[in-house]
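**Q** Before I ask anything, let me first share the structure, which is written out below as structure tokens.
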Ligand code: KIV
């Protein structure tokens, strides 16, 4: 591990620390995570922020949008991520209609991500319209990461997952959204699917960190969906995604080897077996109990 000032220095990543990173010109690294194993992987890699994104509706649950995801489901995944995380800051994503109905409902839902899910802040998609709700949540002591530009929960209003802010008028609206959420007290802002120069301008004009996804290189940080980053989405390769591994292909190859070895009787060999019953006058300990008791120790030679 390396990287002075980042999660890899062993200190927990807090909201003040993320804000300081912008002031110090240190880039913020963020990735989605949905379970304890992936959380552990990214935490060990020194990632600053883990987002339990409602993208889980697409990559984990197999839906074609994030709209069916519920608060309970995101909280369930938050708890798993929290168990696998030591240093990274955990953000719980507020799903579709979890904050729009009323400020009371927004606040109650936001609080659950912290009290039940183990998250340290929440994220919500929305600009000018979301600003009063963000203010309310922030005043209750819950840090909010905002999200403007391409907001996947508005997929139908946008007519698909389309880059936003491409004309001067549309860019002015995204800029106004960014300023409104920063003024409302959001501590950071995801900029998704907007032109590079617009993201640069927003990053320069607001004093909270911007975290880009499909928003070019000038943001204060970057976020990717972990399944994209690791190459687990074989049928999908959006322009803004760089794959740093090909886990899907490796997984298929590994599964084929396992299948072939089982069919050929090669696996399990002696190396992966527990030998034969020892001849003895005293009865051996109950092997069933032994296995259960030591299951988490990979059936070691205890007892
Ligand atoms: O849900 C998610 O994964 C997100 C990121 C794309 C920012 O909102």
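**Q** Identify the single condition in (1) more than 26 Å from residue 137 (Cα to Cα); (2) buried (at least 21 other Cβ atoms within 10 Å of the Cβ); (3) within 16 Å of the ligand (Cβ to nearest atom) that residue 216 does not satisfy, given that it satisfies every other one.
**A** In the conditions (1) more than 26 Å from residue 137 (Cα to Cα); (2) buried (at least 21 other Cβ atoms within 10 Å of the Cβ); (3) within 16 Å of the ligand (Cβ to nearest atom), residue 216 misses (2) alone.
**Q** Quick check on residue 124: is it under 24 Å from residue 178 (Cβ atoms), within 12 Å of the ligand (Cβ to nearest atom) and more than 13 Å from the chain's Cα centre (by Cα)?
**A** So residue 124 fits the description; yes.
**Q** Listed residues 148, 163, 190, 155; which is within 16 Å of the ligand (Cβ to nearest atom) and touching a helix residue (DSSP H, G or I) at 6+ places or on another chain (Cβ under 6 Å)?
**A** Going through 148, 163, 190, 155 in turn, the sole match is 148.
**Q** Please indicate, with yes or no, whether at least one residue in the stretch 243-254 is in contact with a helix residue (DSSP H, G or I) (Cβ under 9 Å, 6 or more places away or on another chain), within 16 Å of the ligand (Cβ to nearest atom) and either modelled with pLDDT of 95 or more or closer than 30 Å to residue 91 by Cβ (or both).
**A** yes
The values are calculated or read from the model by the stated rules, or taken from the named source; none is laboratory data. A quick note: this is a predicted structure, and the numbers were derived from the prediction, not measured. Positions of Cβ are backbone-derived with ideal geometry, glycine not excepted, and every protein chain shown enters the neighbour counts.
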